[in-house]
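Derivation of every value follows stated rules applied to the coordinates shown; laboratory data play no part. Given the structure is predicted, the values throughout are model-derived calculations rather than measurements. Note that we place each Cβ from the backbone using ideal geometry, even for glycine, and neighbour counts take in every protein chain shown.
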Ligand SMILES: Nc1ncnc2c1ncn2[C@@H]1O[C@H](COP(=O)(O)OP(=O)(O)OP(=O)(O)O)[C@@H](O)[C@H]1O
Ligand SMILES: [Mg+2]
């Protein structure tokens, strides 16, 4: 009787997310390869068994740690413990893959490639989800979230730089491109942030104008909406001709770096894509502002500009920032495509990798892009929450 | 003093306010009543130029309101609206300080004035100055709205259905507060309401509006006894006009020397309340007590009934 009670009450507490993640990770672990060995960077790889590549501590230790983590994910509700388990397992997983790479690579050989297999990626993603879920359950304050992000990203970068990861295929590609990587990364961030800033400078006043003059709303939002539906590649194509013509006709424009291909059409296209979320969110945010508050502000003798700066914009700010967040994440992803027309950025590695069928080079471009987008959204979410939590802070930000 | 001369507002071809002329005396409360859509808010908003008149003019203490920029005019006129219109992102103290800040008062004067006003409106500054509007009850929010309108010591206060969202008990309290404050600061008040009882309770004079026109602007007792128009009679309530008339006089004003064995009523009670008390207790007369609790005289049913006739 007692036993049955214990079982039912225990099985009732099985964590649904934990169950899902455990099932996915277990299935991947059983059916997919953990590590892949390639005799050179473009050859198709062959899976290697774990026992064959890991030192004894890994052969027993890694499954043991993963099993322990699964137990925590399934049965322990305490978010802090779940987070520690997930982060610990990620560290062990990373060390194991590094050990595998080091074991499979003959000393001094720079030709063979050892890549993490599908099982590694699935387990890593499951652990990442477990960690994010635990963080969400902990409800950290915005500043704590940003700090946590900085620690994770910074820690990851330091580990990759100074840790035993040099023989992993992605890190091999990094080593080859070490000089270019920071340049393309900077370019990527500049393109994404620059077009975002330009879109805010243009979109915010445009949104305010649309709010003030309802007649303008349908044509402006309609046009921007149509631009959004144009595929990026097509928009680059559309922009090539006029920008090329501009560069041909106006030498000064050409001197500024404006030409049919390269960063200029990329920046213009990103800017155009960014306008809709910013204008639309500005309009929605302003429309959401309490009309009684605006009426009271006018009635007490604020000028139109004071009403805008002290009442309307601060109250619309969280919605506007949500638009900016959407744009930032969207831009970071879309800059990748800009590499197609010579815009530079991390997409360069992606398309070079595709061209050479070197999947590791693709990852060298893709992984930092994902990390950038994720970091950007965490940062802006934190900012939005700070502004909503201490509402009067919005005044200084907008006045 | 507010002089409204021939004020008209048209939107396209519809006339919303039609050649209205009124004069609101200094230190008095004028109430505008009327059916929905009769143009009350539009008339009120033309006084502080939130709505610009199509024709006619408004004089404030003799000066045309158009002689200065609208936003400067509005800083001299208090404005409180239904649903209070507090700034949700500002604390109570910041809300109240809005107009003094616009006027560039020194910070310590603003702080002193905010504390004073919160005290007057029974909001302990230590508890409420730093609170945000959403942390207050509806009645408290409304009090902050009125405090904010009075912050820069305006000579004129415009109120558009300020108590419309309050429940009857809080509403009666808010009306009492307004009367006390109006007496204390000598503010000239123009107040718009739907509620006839509120109009009679607060208004020294009441304007009855219909379809953009002011049909009558007079003391409540005159509106009741000599309605200028069938519509005014309907608005002021034909079925209970006698009781409304009784409600306008206090027991203290009607008491005659003498004493009575009946119930004891306060001098500030209205004749309507005294009559109700007599009906309830089955007595035919009541003793009227002054504020100090001593007998001030007596009132009998016949005397009260005589006051309920024109
Ligand atoms: N900006 C405007 N444009 C067109 N018509 C308007 C405008 N403002 C008000 N009106 C019209 O003017 C009329 C009077 O409006 P107003 O707000 O003054 O009425 P009110 O007496 O205050 O009504 P309520 O008691 O419902 O508040 C209404 O029919 C309204 O539709
Ligand atoms: Mg109105």
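Relative to the longest principal Cα axis of chain B, at what angle does helix B:168-185 sit, 0 to 90 degrees, rounded to 10?
With both axes taken from Cα atoms, the answer is about 70 degrees.
Give the angle, between 0 and 90 degrees and rounded to the nearest 10, that separates the Cα long axis of helix A:180-212 from the longest principal axis of the Cα atoms of chain A.
With both axes taken from Cα atoms, the answer is about 40 degrees.
So what does log10 I(q)/I(0) come out to for region A:181-398 at q = 0.14, 0.17 Å⁻¹, using the Debye formula with one equal point on every Cα and no solvent?
Rounded to two decimals, the profile gives -0.91, -1.16.
If you bin every alpha carbon distance in region A:226-354 into 5 Å steps from zero, what whole percent lands in each bin?
Percent of pairs per bin, in order: 2, 11, 15, 14, 13, 11, 9, 9, 7, 5, 3, 1, 0.
Only helical DSSP H runs with n ≥ 4 go in: add -39500 (n - 2.57) per run for chain A, normalise by residue count and round the 222 nm mean residue ellipticity to 500 deg cm²/dmol.
Taking each H run of at least 4 residues, the total per residue is -25500 deg cm²/dmol.
Taking Cα centroids, how far is region A:60-91 from region B:113-153 in Å?
53
How would B:51, A:91, A:151 line up from fewest to most surrounding beta-carbon atoms within 10 angstrom?
A:151, A:91, B:51
If neighbour count is taken as other Cβ atoms inside 10 Å, put A:349, B:87 in order from fewest to most.
Lowest count first: B:87, A:349.
Let me know the shape class of region B:132-267, please: from the alpha-carbon gyration tensor, a ≥ b ≥ c as square roots of the eigenvalues, rounded when a/c is under 1.5, otherwise prolate if a/b is greater than b/c, or oblate.
Judged from the Cα gyration tensor, region B:132-267 comes out oblate (a/c at least 1.5, b/c at or above a/b).
If you average the C-alpha positions of region A:266-294 and of region A:322-388 separately, how far apart do those two centres end up, in angstrom?
22
Can you compute the FRET efficiency between residue A:121 and residue A:284 using 1/(1 + (r/R0)^6), with r the Cβ-Cβ distance and R0 = 60 Å? Round to the nearest 0.05.
0.95
I need to check one value: relative contact order of chain A, counting alpha carbon pairs closer than 8 Å and at least 6 residues apart, in percent.
Relative contact order for chain A comes out at 16 percent.
Could you calculate the contour length gain from residue A:180 to residue A:213, that is, 0.36 nm times the residue separation minus the distance between their Cα atoms, to one decimal place in nm?
My answer for the length gained is 7.1 nm.
Which whole number in µm²/s is D for region A:202-254 by Stokes-Einstein, with the Kirkwood Rh taken over Cα pairs at 37 °C and 0.692 mPa s?
247
I need the shape label for chain B. Rule: rounded when a/c is under 1.5, else prolate if a/b > b/c, else oblate, with a, b, c from the alpha carbon gyration tensor.
Oblate shape, in that a/c is at least 1.5 and b/c is the bigger or equal ratio.
Return the whole-Å distance between the Cα centroid of region B:219-237 and the Cα centroid of region A:156-184.
So the two Cα centres are separated by 90 Å.
How big is Rg to Rh over region A:116-228, alpha-carbon atoms, Rh as the Kirkwood inverse-mean-distance radius?
Taking Rh as the inverse mean 1/r over Cα pairs, Rg/Rh reads 1.14.
Compute the whole-percent fraction of alpha carbon pairs in chain A spaced more than 32 Å apart.
Value for chain A: 50 percent of Cα pairs lie more than 32 Å apart.
Give me the orientation-averaged projected area of the Cα convex hull of region A:189-296, in nm², one decimal.
Directional mean of the projected Cα hull area for region A:189-296 stands at 8.3 nm².
For the protein assembly as shown, what is the convex hull (Cα atoms) projected area averaged across all directions, in square nanometres?
Averaged projected hull area, Cα only: 49.5 nm².
In nm, to one decimal, how far is the modelled label at residue A:40 from the one at residue B:204, with both set 7 Å along Cα→Cβ?
10.2
Can you sort B:204, A:211 by how many other beta carbons sit within 10 Å, fewest first?
The fewest-first ordering by Cβ neighbours comes to B:204, A:211.
Just to be sure I understand the model, the point goes 7 Å from the Cα along the line to the Cβ. What's the resulting residue B:19 to residue A:381 distance in nm?
If labels sit at residue B:19 and residue A:381, their model points lie 6.7 nm apart.
Let me check against my output: what whole-number percent is the relative contact order of region A:181-398, with C-alpha pairs under 8 Å and at least 6 apart?
That works out to 25 percent.
If you line up the long axis of helix B:271-281 against the longest principal axis of chain B, both from Cα atoms, how many degrees apart are they, to the nearest 10?
Orientation of helix B:271-281: about 40 degrees from the principal axis.
With r defined as the distance between the Cβ atoms of residue A:356 and residue B:52 and R0 fixed at 56 Å, what FRET efficiency is calculated, to the nearest 0.05?
Approximately 0.20, to the nearest 0.05.
Over 16 Å apart: what share of the alpha carbon pairs of region B:16-106 falls there, rounded to a whole percent?
Across region B:16-106, Cα pairs with separations above 16 Å total 64 percent.
What nm distance separates the two modelled labels at residue A:17 and residue A:110, each placed 7 Å from Cα along Cα→Cβ?
4.4
Report the residues of region A:12-55 in range of a label on residue A:84: point 7 Å along Cα→C-beta, backbone N strictly under 20 Å from it.
Output list for this probe position: A:15, A:18.
Using r as the Cβ-Cβ distance of residue B:309 and residue B:127, and R0 as 35 Å, what FRET efficiency do you calculate, to the nearest 0.05?
0.10
By average Cβ neighbour count within 10 Å, what is the ranking of A:106-119, B:90-103 from highest down?
Top to bottom by mean Cβ count within 10 Å: B:90-103, A:106-119.
Please report, for the Cα atoms of region A:2-169, the Rg to one decimal and the Dmax as a whole number; what are they, in angstrom?
According to the Cα coordinates of region A:2-169, Rg and Dmax are 18.0, 63 Å.
Using only DSSP helix segments of four residues or longer, with each worth -39500 (n - 2.57), what per-residue ellipticity at 222 nm results for chain B after dividing by its residue count and rounding to 500?
Dividing the helical sum by the residues of chain B leaves -10500 deg cm²/dmol.
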